[in-house]
Every structure is written in C-alpha cells, then in structure tokens.
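We did not get these values from a lab; they are worked out from the coordinates using the rules stated. Note that the structure is a prediction, hence the values are computed from the model and not measured. Here the Cβ is made from the backbone with ideal geometry for all residues, glycine too, and neighbour counts use every protein chain on show.
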Amino acid sequence: MDNTTPILLEVNDLKKYFPIQKGVFKRVVGQVRAVDGVSFFIRQGETLGLVGESGCGKTTTGRLVLRAMEPTAGQIHYRYHDQMVDLTQVKRGQMKPYRREMQIIFQDPYSSLNPRMTVMDIVAEPLKIHGVMSGDELRTRVRELLERVGMRVQHMNRYPYAFSGGQRQRIGIARALALNPRFIVCDEPVSALDVSIQAQVVNLLSDLQKDFGLTYLFISHDLSVVEHISDRVAVMYLGSIVELAPAEELYAGPRHPYTEALLSAVPSADPDRAMSRILLPGDVPSPSNPPSGCKFHPRCRYVKDICSAQVPEWREVSHDHWTACHRSDEIKLAGMVAG
C-alpha cells in the first residue's frame, strides 16, 4: 500500500468503559475498560487486521468505529466527500449518510440472518431502509449481489435454514455490499465456518475488495487467516494495541513479546515455518483492574522492574512499525519464517 494513498479512517485514543454497578441503588463501584486508548488509521483500499485473544476488545472496537456503540472518549475521523468528519460529533439521527458507506459482516451466520425473512428480503433490507430502490430494480439488484457472492438466484425465496454456514455468510456479505459501501468491518467473518470453507470466504472477500475498491477492518483471533488478507496487522491486548506493522514484517520480526507468543501458537504444515510454542503463565487480567505499567508484564518472560512501574511509550521502532514495549530495542523475538 502506497503511503500517498489517502487515509479513509483514523481513530484516535478511542475508549469504551462499562460501569460496574452493585447494590439496590446500582451504585457505580468501578469500570470495565473494554477499549482503553486505541489509535490506528486505515488507508483507502487497505485491509487492517485486528487480532488478539477473546475478550481483548476487538469486536467492541469495530462496533465503536461504526457508531453501533457510543464511545466513552476519543475521535473517529472518516473521509466523507473528501473531508474528514469526526463521527463522534455526529448525532445518531444524522448518521444515515455515513451508514450507507460503512457496513459490517457479522461473526455468526446462524444468528445474524433473520430466520423469518427470505434471502430476497434479507439482502434487500438495507436498500429499502435507505430508500435507494424498489420494485423490479430492487429485485434485479438482489439477483446481481447474490450472483456476485456465488449464490444461485433460484434460492432468493428460500429461508436461511435451507443453507449451510458458508452459504449464509455469503448472503450476509451480499447484504453488506447492497449499498455500495466503501468501508466494511469484518467481525470474525470465518471463525464459525469449517476450515475448508474459510479459505473460500477469505478469497471472496479479497476478490470483492479488488473489484469494488473496498477498505476492510478485519477482526480475528486467528493469525493464519489474518496473514492472507491483511496489508497491516494490529495486535490487541486487554483493550490496547501493543503492536502495529505491515503484515509481512510483523510475522517475520515481531517487536512485542505478546505478538511473539501469538505467532508461536499458529499451526503450520511447513516445518521450516514452525515455532516452538510459548506458553504464557497465568490468565488474562481483568479489564476492570488492569495491571500497572505495561498491561502484559505479569505474563511476560522478558519482564524487568520498569515494566510494572511505567506505561511503555507507543513509538515507531522502524518504518511504519509501531509497538509499546520498554525492551523492544534490547530483545530479539522469534518470528515466522516466510514460506
């Protein structure tokens, strides 16, 4: 991706805290820091992979970007008609023009499709809501979308129960494409599918990106899937991004110990790419009571006194490669050898 390509989305210091309430009077006794100061940008036509363990805040980040949830703090700048608009300052009732350009593909194709609606109604729903088209024009558009994602138009009047998981996800992708969006949040779009089907859906998403100039935020816990579709990868831990780099560089030479541990867990059929598994001690701390200093320090095998005392600076360690680790210049971390 060329550095001169315009930025489509820029997120600055995004936070989402959920109150912890106790007692009859629902007194607030603490906060769950689901997203805690996340910053990144995505260029037009690029795919940014967002990876991390379950519960680290990936999905919450994706929904905040779309304003499906209200952020506690931070800015979400989106390029609309060549102007950067802070979506956090846009009232919910005025979000409709932006929602046409920003869509989501959900994780579970079994629960994201209304079982009482036909395929025709499901794919046509965004077009009806936005009043884009109706009648024969609407039906023609749905047929085109279904054909584009590899579905038979003869199945338009069937219900979701008649389809496999992979077919349902294709229907969900067709729905996301209905309004000709520019930006799509892919929220674990293949994690609920069989491995044999995952590659087909990932390849479909790649083809659609090339054909329609789409920009993706691709959320996943599976680094092997993210590797094949992402231009850059952001690694998230306990509500914060700890490393962000071009995909090839991050996989070959991670600069944060958490990234190294995640990469060591990626299975590989190629013995030359295999890494010895790094088992992290303990459990992920609670986001309601995160550790002091570096959030990862209780589980890090390279920990020193400074790690628990100071929050590491988010800094660029090489061109377009950012990390938050006190010791990133001292330690040599293992990456995955290119296949």
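Here are the numbers for the structure shown:
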{"read-out": "Leading residue at positive end of dipole, the chain (Cβ point charges), from 224, 286, 183", "value": "286"}
{"read-out": "Residue order, fewest to most beta carbons within 10 Å, for 91, 58, 96", "value": "91, 96, 58"}
{"read-out": "Charge tally in the Cβ shell below 15 Å around residue 196, where Lys, Arg are +1 and Asp, Glu are -1, residue 196 excluded", "value": "-1"}
{"read-out": "Under 22 Å from residue 96, Cα to Cα: lysines that are on another chain or at least 8 residues apart", "value": "128"}
{"read-out": "Amide H contacts under 5 Å for residue 50, placed H, 5+ residues apart", "value": "218, 219, 220, 234"}
{"read-out": "Within-14-Å neighbourhood charge of residue 154 [Cβ basis; K, R +1; D, E -1]", "value": "+3"}
{"read-out": "Rounded if a/c under 1.5, otherwise prolate or oblate - the stretch 240-323, Cα gyration tensor axes", "value": "oblate"}
{"read-out": "Label-reachable residues, the stretch 198-240, where backbone N falls under 18 Å from a point 7 Å from residue 331's Cα toward its Cβ", "value": "235-238, 240"}
{"read-out": "Sorted by Cβ neighbour density within 10 Å, fewest at the top, the residues 159, 237", "value": "159, 237"}
{"read-out": "Of [x] 41, 22, 16; [y] 31, 25, 20; [z] 35, 24, 20, the label for semi-axes √(5λ) of the Cα gyration tensor in Å derived from the coordinates", "value": "[z]"}
{"read-out": "Note, ³J(HN,Hα) from phi for the stretch 249-264, Karplus 6.51, -1.76, 1.60, rounded to Hz, x at Gly and Pro", "value": "5, 5, 6, 7, x, x, 10, 10, x, 5, 4, 4, 5, 5, 5, 5"}
